[in-house]
Amino acid sequence: MDLVRAGGGHPLQALSAIHGLKCLMPLGALPPSEDILLMEEDVRVQLSPIKGSITVPAGETIPWGVSRIQAPVAWGWTTGSGVNIGVIDTGIQSSHPDLQGNYAGGYNTINPGRSPEDDNGHGTHVAGTIAATATGRGVIGVAATARLYGIKVLDAQGSGYVSNVIEGIQWCLDHGMQVINMSLSTPENVRSLELAVKAAYEAGILVVAAAGNRGKQKSVEYPAKYPWCIAVGAMTRQNKVASFSSRGQELDLLAPGMNILSTYAGSTYRYLSGTSMAAPHVTGVAALVWSIHPSPTPHAVALAMKASAERLKGLPWTAQGAGLVRADRAVRAVPASRTGEDPYPEARGKQELA
(Lines give C-alpha, C1' and ligand atoms only; values in the text may rest on other atoms or scores of the structure.)
Protein backbone atom coordinates (compact mmCIF):
# COMPACT_ATOMS: atom_id res chain seq x y z
CA MET A 1 0.00 0.00 0.00
CA ASP A 2 2.89 2.35 0.70
CA LEU A 3 4.09 1.91 -2.89
CA VAL A 4 0.63 2.82 -4.20
CA ARG A 5 0.38 5.91 -2.02
CA ALA A 6 3.90 6.96 -2.96
CA GLY A 7 2.87 6.76 -6.61
CA GLY A 8 -0.13 9.03 -6.01
CA GLY A 9 -2.65 6.18 -5.90
CA HIS A 10 -5.49 5.34 -3.53
CA PRO A 11 -5.78 1.78 -2.11
CA LEU A 12 -9.35 0.44 -2.15
CA GLN A 13 -9.39 -3.24 -1.25
CA ALA A 14 -6.88 -5.94 -0.34
CA LEU A 15 -7.32 -9.10 -2.45
CA SER A 16 -5.55 -11.72 -0.38
CA ALA A 17 -6.50 -14.61 -2.67
CA ILE A 18 -4.11 -13.23 -5.28
CA HIS A 19 -1.84 -11.30 -2.88
CA GLY A 20 -3.09 -8.21 -4.64
CA LEU A 21 -4.57 -4.78 -4.14
CA LYS A 22 -7.44 -2.98 -5.81
CA CYS A 23 -6.59 0.69 -6.16
CA LEU A 24 -7.23 3.91 -8.08
CA MET A 25 -4.22 5.13 -10.02
CA PRO A 26 -2.99 5.65 -13.59
CA LEU A 27 -1.46 2.60 -15.26
CA GLY A 28 2.29 2.93 -15.39
CA ALA A 29 2.39 5.37 -12.48
CA LEU A 30 4.41 2.99 -10.33
CA PRO A 31 8.11 2.49 -11.07
CA PRO A 32 9.33 -1.09 -11.61
CA SER A 33 9.67 -2.98 -8.34
CA GLU A 34 10.47 -6.55 -7.36
CA ASP A 35 7.45 -6.35 -5.05
CA ILE A 36 5.03 -5.97 -7.99
CA LEU A 37 4.31 -9.02 -10.16
CA LEU A 38 1.82 -7.27 -12.44
CA MET A 39 -0.49 -4.28 -12.64
CA GLU A 40 -3.65 -4.53 -14.75
CA GLU A 41 -6.49 -2.26 -15.70
CA ASP A 42 -9.84 -3.29 -14.23
CA VAL A 43 -12.06 -4.85 -16.91
CA ARG A 44 -15.85 -4.68 -17.14
CA VAL A 45 -17.99 -7.82 -17.00
CA GLN A 46 -21.42 -7.69 -18.64
CA LEU A 47 -24.35 -10.11 -18.71
CA SER A 48 -26.10 -10.89 -21.98
CA PRO A 49 -29.01 -13.28 -21.32
CA ILE A 50 -31.77 -13.70 -23.92
CA LYS A 51 -34.97 -12.74 -22.11
CA GLY A 52 -38.28 -14.52 -22.53
CA SER A 53 -41.72 -14.06 -21.03
CA ILE A 54 -42.68 -13.77 -17.38
CA THR A 55 -45.05 -16.51 -16.25
CA VAL A 56 -46.72 -17.99 -13.19
CA PRO A 57 -46.32 -21.79 -13.00
CA ALA A 58 -49.51 -23.73 -12.38
CA GLY A 59 -48.71 -25.54 -9.17
CA GLU A 60 -45.22 -27.00 -8.75
CA THR A 61 -43.14 -27.40 -11.91
CA ILE A 62 -39.95 -29.28 -12.69
CA PRO A 63 -38.39 -27.23 -15.53
CA TRP A 64 -37.52 -29.14 -18.68
CA GLY A 65 -33.78 -28.70 -18.11
CA VAL A 66 -33.90 -30.19 -14.63
CA SER A 67 -35.80 -33.17 -16.04
CA ARG A 68 -33.52 -33.54 -19.08
CA ILE A 69 -30.40 -34.00 -16.95
CA GLN A 70 -32.32 -36.64 -14.93
CA ALA A 71 -32.08 -34.75 -11.64
CA PRO A 72 -35.37 -36.24 -10.35
CA VAL A 73 -33.80 -39.70 -10.66
CA ALA A 74 -30.74 -38.54 -8.71
CA TRP A 75 -33.02 -37.30 -5.92
CA GLY A 76 -33.42 -40.94 -4.95
CA TRP A 77 -29.85 -40.66 -3.63
CA THR A 78 -29.51 -37.00 -2.62
CA THR A 79 -30.93 -33.51 -3.01
CA GLY A 80 -27.72 -31.68 -2.12
CA SER A 81 -28.06 -31.19 1.63
CA GLY A 82 -25.09 -29.64 3.40
CA VAL A 83 -23.38 -28.19 0.31
CA ASN A 84 -22.54 -24.47 0.25
CA ILE A 85 -22.90 -22.83 -3.16
CA GLY A 86 -21.63 -19.34 -3.92
CA VAL A 87 -23.59 -17.66 -6.72
CA ILE A 88 -21.32 -14.89 -8.00
CA ASP A 89 -23.79 -12.76 -9.93
CA THR A 90 -26.29 -9.90 -9.44
CA GLY A 91 -27.33 -11.16 -6.00
CA ILE A 92 -30.28 -13.32 -4.97
CA GLN A 93 -33.77 -12.29 -3.89
CA SER A 94 -33.64 -13.83 -0.43
CA SER A 95 -37.41 -13.58 0.12
CA HIS A 96 -38.44 -15.40 -3.05
CA PRO A 97 -40.85 -18.18 -1.97
CA ASP A 98 -38.85 -20.83 -3.82
CA LEU A 99 -35.46 -19.69 -2.49
CA GLN A 100 -35.94 -18.42 1.05
CA GLY A 101 -35.70 -21.93 2.49
CA ASN A 102 -32.21 -22.44 1.05
CA TYR A 103 -30.89 -18.88 1.12
CA ALA A 104 -28.11 -18.65 3.72
CA GLY A 105 -26.56 -15.20 3.25
CA GLY A 106 -23.99 -13.56 1.04
CA TYR A 107 -21.99 -10.42 0.37
CA ASN A 108 -22.21 -7.28 -1.73
CA THR A 109 -18.85 -6.38 -3.30
CA ILE A 110 -20.28 -3.32 -5.06
CA ASN A 111 -21.65 -1.74 -1.85
CA PRO A 112 -20.16 -3.73 1.05
CA GLY A 113 -22.40 -2.01 3.57
CA ARG A 114 -25.57 -3.14 1.82
CA SER A 115 -27.26 -6.51 1.45
CA PRO A 116 -26.60 -8.69 -1.62
CA GLU A 117 -30.23 -8.50 -2.76
CA ASP A 118 -30.83 -8.91 -6.47
CA ASP A 119 -31.88 -5.72 -8.27
CA ASN A 120 -31.55 -7.27 -11.73
CA GLY A 121 -33.11 -10.76 -11.73
CA HIS A 122 -30.30 -12.73 -13.35
CA GLY A 123 -28.75 -14.03 -10.12
CA THR A 124 -32.15 -15.06 -8.76
CA HIS A 125 -32.82 -16.99 -11.98
CA VAL A 126 -29.47 -18.78 -11.74
CA ALA A 127 -30.07 -19.59 -8.07
CA GLY A 128 -33.46 -21.13 -8.83
CA THR A 129 -32.03 -23.57 -11.35
CA ILE A 130 -29.40 -24.59 -8.83
CA ALA A 131 -31.50 -24.99 -5.72
CA ALA A 132 -35.11 -23.78 -5.80
CA THR A 133 -36.78 -25.77 -3.06
CA ALA A 134 -39.94 -27.85 -3.20
CA THR A 135 -42.81 -25.70 -1.89
CA GLY A 136 -45.83 -27.13 -3.66
CA ARG A 137 -45.78 -24.23 -6.15
CA GLY A 138 -43.27 -22.56 -8.45
CA VAL A 139 -40.21 -24.48 -9.64
CA ILE A 140 -37.72 -27.01 -8.27
CA GLY A 141 -33.97 -26.74 -8.77
CA VAL A 142 -31.38 -29.44 -9.40
CA ALA A 143 -30.12 -29.58 -5.80
CA ALA A 144 -33.25 -28.58 -3.89
CA THR A 145 -31.75 -28.67 -0.38
CA ALA A 146 -28.31 -27.15 -1.00
CA ARG A 147 -27.43 -23.85 0.69
CA LEU A 148 -27.35 -20.75 -1.52
CA TYR A 149 -25.14 -17.72 -0.93
CA GLY A 150 -25.62 -14.64 -3.09
CA ILE A 151 -22.40 -12.80 -3.86
CA LYS A 152 -23.35 -9.59 -5.62
CA VAL A 153 -20.63 -8.49 -8.07
CA LEU A 154 -22.87 -7.00 -10.79
CA ASP A 155 -25.22 -4.03 -10.61
CA ALA A 156 -28.85 -3.56 -11.64
CA GLN A 157 -27.79 -3.36 -15.31
CA GLY A 158 -25.87 -6.64 -15.03
CA SER A 159 -22.53 -4.86 -15.22
CA GLY A 160 -19.50 -4.86 -12.95
CA TYR A 161 -15.74 -5.13 -12.82
CA VAL A 162 -13.36 -8.05 -12.68
CA SER A 163 -12.10 -6.71 -9.35
CA ASN A 164 -15.60 -7.23 -7.91
CA VAL A 165 -15.58 -10.80 -9.20
CA ILE A 166 -12.20 -11.40 -7.53
CA GLU A 167 -13.59 -9.99 -4.28
CA GLY A 168 -16.50 -12.41 -4.64
CA ILE A 169 -14.16 -15.35 -5.09
CA GLN A 170 -12.23 -14.18 -2.04
CA TRP A 171 -15.45 -14.15 -0.01
CA CYS A 172 -16.18 -17.71 -1.11
CA LEU A 173 -12.70 -18.78 -0.03
CA ASP A 174 -13.17 -17.17 3.37
CA HIS A 175 -16.67 -18.55 4.02
CA GLY A 176 -16.50 -22.25 3.21
CA MET A 177 -18.07 -22.53 -0.23
CA GLN A 178 -17.67 -25.91 -1.92
CA VAL A 179 -18.99 -24.90 -5.35
CA ILE A 180 -18.99 -21.52 -7.11
CA ASN A 181 -21.26 -20.62 -10.03
CA MET A 182 -20.20 -17.79 -12.33
CA SER A 183 -22.78 -17.19 -15.05
CA LEU A 184 -20.81 -14.23 -16.37
CA SER A 185 -17.98 -13.73 -18.82
CA THR A 186 -15.57 -11.38 -20.52
CA PRO A 187 -13.61 -11.85 -23.76
CA GLU A 188 -10.52 -10.40 -22.11
CA ASN A 189 -7.92 -12.55 -20.38
CA VAL A 190 -7.22 -10.90 -17.04
CA ARG A 191 -4.29 -12.51 -15.27
CA SER A 192 -5.49 -11.51 -11.80
CA LEU A 193 -8.85 -13.21 -12.42
CA GLU A 194 -7.06 -16.40 -13.44
CA LEU A 195 -5.00 -16.29 -10.25
CA ALA A 196 -8.17 -15.93 -8.17
CA VAL A 197 -9.92 -18.85 -9.91
CA LYS A 198 -6.81 -20.98 -9.51
CA ALA A 199 -6.63 -20.08 -5.80
CA ALA A 200 -10.23 -21.25 -5.36
CA TYR A 201 -9.51 -24.51 -7.17
CA GLU A 202 -6.40 -25.15 -5.10
CA ALA A 203 -8.37 -24.45 -1.93
CA GLY A 204 -10.77 -27.26 -2.85
CA ILE A 205 -13.60 -25.30 -4.48
CA LEU A 206 -15.16 -26.45 -7.74
CA VAL A 207 -15.71 -23.47 -10.05
CA VAL A 208 -18.40 -23.67 -12.76
CA ALA A 209 -18.68 -20.92 -15.40
CA ALA A 210 -20.77 -20.08 -18.45
CA ALA A 211 -18.84 -20.56 -21.70
CA GLY A 212 -20.25 -17.37 -23.24
CA ASN A 213 -22.86 -16.45 -25.84
CA ARG A 214 -20.71 -15.64 -28.86
CA GLY A 215 -21.91 -18.64 -30.90
CA LYS A 216 -18.67 -19.25 -32.78
CA GLN A 217 -15.79 -21.69 -32.84
CA LYS A 218 -12.86 -20.76 -30.57
CA SER A 219 -15.07 -18.32 -28.67
CA VAL A 220 -15.14 -19.66 -25.10
CA GLU A 221 -14.78 -16.65 -22.81
CA TYR A 222 -13.17 -16.06 -19.42
CA PRO A 223 -13.27 -17.24 -16.67
CA ALA A 224 -14.68 -20.43 -18.24
CA LYS A 225 -11.65 -20.66 -20.52
CA TYR A 226 -9.25 -21.05 -17.60
CA PRO A 227 -8.13 -24.60 -16.81
CA TRP A 228 -9.38 -24.21 -13.24
CA CYS A 229 -13.05 -23.87 -14.33
CA ILE A 230 -15.73 -26.19 -15.66
CA ALA A 231 -16.83 -24.46 -18.90
CA VAL A 232 -20.49 -25.05 -19.75
CA GLY A 233 -22.19 -24.64 -23.11
CA ALA A 234 -25.94 -24.54 -23.81
CA MET A 235 -28.24 -27.02 -25.57
CA THR A 236 -31.86 -26.94 -26.76
CA ARG A 237 -34.80 -29.29 -26.14
CA GLN A 238 -33.97 -30.90 -29.50
CA ASN A 239 -30.52 -32.01 -28.25
CA LYS A 240 -28.79 -29.43 -30.43
CA VAL A 241 -26.20 -26.90 -29.40
CA ALA A 242 -27.87 -23.53 -28.95
CA SER A 243 -26.93 -21.15 -31.76
CA PHE A 244 -25.54 -18.61 -29.28
CA SER A 245 -23.41 -21.10 -27.31
CA SER A 246 -19.65 -20.49 -27.47
CA ARG A 247 -17.57 -23.36 -28.80
CA GLY A 248 -13.97 -24.45 -28.44
CA GLN A 249 -11.56 -27.03 -27.07
CA GLU A 250 -11.94 -25.55 -23.58
CA LEU A 251 -15.59 -26.63 -23.33
CA ASP A 252 -16.15 -29.25 -20.63
CA LEU A 253 -19.89 -29.99 -20.51
CA LEU A 254 -23.21 -29.14 -22.09
CA ALA A 255 -26.45 -28.38 -20.23
CA PRO A 256 -29.94 -27.07 -21.04
CA GLY A 257 -29.82 -23.35 -21.79
CA MET A 258 -32.75 -22.46 -24.05
CA ASN A 259 -36.05 -21.16 -22.64
CA ILE A 260 -35.22 -22.10 -19.07
CA LEU A 261 -37.95 -21.39 -16.52
CA SER A 262 -36.70 -20.29 -13.11
CA THR A 263 -37.19 -17.87 -10.26
CA TYR A 264 -36.85 -14.14 -10.93
CA ALA A 265 -36.75 -10.86 -9.03
CA GLY A 266 -40.01 -9.63 -7.53
CA SER A 267 -41.02 -13.15 -6.48
CA THR A 268 -41.82 -13.91 -10.13
CA TYR A 269 -40.71 -16.49 -12.70
CA ARG A 270 -39.21 -15.94 -16.12
CA TYR A 271 -37.92 -17.83 -19.14
CA LEU A 272 -34.32 -16.93 -20.00
CA SER A 273 -31.81 -18.38 -22.47
CA GLY A 274 -28.03 -18.36 -22.50
CA THR A 275 -25.01 -20.26 -21.27
CA SER A 276 -25.73 -18.37 -18.03
CA MET A 277 -28.75 -20.65 -17.70
CA ALA A 278 -26.78 -23.81 -18.60
CA ALA A 279 -24.02 -23.39 -16.01
CA PRO A 280 -26.30 -23.63 -12.94
CA HIS A 281 -27.53 -27.06 -14.06
CA VAL A 282 -23.94 -28.27 -13.78
CA THR A 283 -23.45 -26.46 -10.48
CA GLY A 284 -26.52 -28.23 -9.11
CA VAL A 285 -25.21 -31.61 -10.24
CA ALA A 286 -21.85 -30.84 -8.62
CA ALA A 287 -23.71 -30.17 -5.36
CA LEU A 288 -25.49 -33.52 -5.62
CA VAL A 289 -22.17 -35.31 -6.14
CA TRP A 290 -20.54 -33.42 -3.29
CA SER A 291 -23.34 -34.19 -0.86
CA ILE A 292 -23.26 -37.92 -1.43
CA HIS A 293 -19.45 -38.08 -1.38
CA PRO A 294 -18.52 -35.36 1.13
CA SER A 295 -14.75 -35.38 0.72
CA PRO A 296 -13.89 -35.53 -3.01
CA THR A 297 -11.58 -33.02 -4.65
CA PRO A 298 -12.82 -30.60 -7.32
CA HIS A 299 -10.88 -32.73 -9.80
CA ALA A 300 -12.79 -35.87 -8.74
CA VAL A 301 -16.17 -34.13 -8.97
CA ALA A 302 -15.33 -32.73 -12.40
CA LEU A 303 -14.24 -36.14 -13.66
CA ALA A 304 -17.38 -37.76 -12.22
CA MET A 305 -19.55 -35.38 -14.23
CA LYS A 306 -17.52 -35.78 -17.41
CA ALA A 307 -17.19 -39.56 -17.12
CA SER A 308 -20.94 -39.91 -16.76
CA ALA A 309 -21.97 -37.33 -19.35
CA GLU A 310 -24.23 -38.27 -22.26
CA ARG A 311 -22.54 -37.85 -25.63
CA LEU A 312 -24.93 -36.22 -28.08
CA LYS A 313 -24.92 -37.67 -31.57
CA GLY A 314 -23.63 -35.59 -34.44
CA LEU A 315 -21.92 -32.97 -32.28
CA PRO A 316 -18.12 -32.52 -32.22
CA TRP A 317 -16.42 -32.35 -28.84
CA THR A 318 -15.65 -28.66 -29.40
CA ALA A 319 -19.42 -28.05 -29.26
CA GLN A 320 -20.30 -30.30 -26.31
CA GLY A 321 -17.13 -31.18 -24.40
CA ALA A 322 -17.68 -34.50 -22.66
CA GLY A 323 -21.40 -34.20 -23.40
CA LEU A 324 -24.65 -33.44 -21.60
CA VAL A 325 -24.30 -33.49 -17.81
CA ARG A 326 -26.35 -36.32 -16.25
CA ALA A 327 -27.22 -36.03 -12.56
CA ASP A 328 -28.39 -39.64 -12.22
CA ARG A 329 -25.09 -41.00 -13.51
CA ALA A 330 -22.81 -38.47 -11.83
CA VAL A 331 -23.93 -39.27 -8.28
CA ARG A 332 -22.77 -42.86 -8.87
CA ALA A 333 -19.57 -42.05 -10.72
CA VAL A 334 -17.27 -40.50 -8.10
CA PRO A 335 -15.54 -43.69 -6.88
CA ALA A 336 -14.60 -44.65 -10.45
CA SER A 337 -13.39 -41.14 -11.24
CA ARG A 338 -10.88 -41.16 -8.39
CA THR A 339 -8.50 -43.07 -10.62
CA GLY A 340 -7.80 -39.71 -12.25
CA GLU A 341 -8.40 -41.07 -15.74
CA ASP A 342 -10.13 -38.76 -18.21
CA PRO A 343 -12.72 -40.82 -20.15
CA TYR A 344 -12.46 -38.47 -23.13
CA PRO A 345 -8.74 -38.13 -23.93
CA GLU A 346 -9.52 -36.57 -27.32
CA ALA A 347 -11.02 -33.52 -25.54
CA ARG A 348 -7.73 -32.19 -24.30
CA GLY A 349 -6.62 -28.61 -23.77
CA LYS A 350 -7.70 -27.38 -20.36
CA GLN A 351 -9.94 -30.36 -19.66
CA GLU A 352 -7.13 -32.50 -18.35
CA LEU A 353 -6.77 -29.99 -15.50
CA ALA A 354 -10.49 -29.70 -14.80
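The values are calculated or read from the model by the stated rules, or taken from the named source; none is laboratory data. Everything numeric here is computed off the predicted structure, so don't read it as measured data. Every residue, glycine among them, receives a Cβ derived from its backbone with ideal geometry; neighbour counts consider all protein chains shown. Ligands, DNA and RNA are stripped out before the accessible areas are found, and what is left, the full protein with its side chains, is counted by its heavy atoms. Shrake-Rupley method; radii C 1.70, N 1.55, O 1.52, S 1.80 Å.
Summary table below
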quantity	calculated
Phi to ³J(HN,Hα) by Karplus 6.51 cos²θ - 1.76 cosθ + 1.60 over region 270-277, Hz, x for Gly, Pro	8, 8, 10, 10, x, 5, 4, 7
Amide H contacts of Val45 (H built 1.01 Å from N, under 5 Å, at least 5 apart or other chain)	Gly160, Tyr161, Val162
Area of Trp290 that stays accessible when all protein chains are in place (1.4 Å probe, Å², to 10)	20 Å²
Dipole magnitude of region 207-310, debye to nearest 20 (Cβ charges: Lys/Arg +1, Asp/Glu -1, about Cα centre)	340 debye
Average accessible surface area per residue within region 188-284, 1.4 Å rolling probe, Å²	29 Å²
Share of carbon and sulfur in the accessible heavy-atom surface of region 186-318 [1.4 Å probe, %]	48 percent
Subset of Lys216/Lys306; Lys152/Lys240; Lys51/Lys225; Lys198/Lys313 violating a 27 Å alpha-carbon distance limit	Lys152/Lys240; Lys198/Lys313
Pairwise centroid distance, computed over Cα atoms, of region 202-260 with region 124-158, Å	19 Å
Rounded if a/c under 1.5, otherwise prolate or oblate - region 209-320, Cα gyration tensor axes	oblate
Taking region 177-260 and dividing mean pair separation by its residue count, relative contact order in percent (alpha carbons under 8 Å, at least six apart)	28 percent
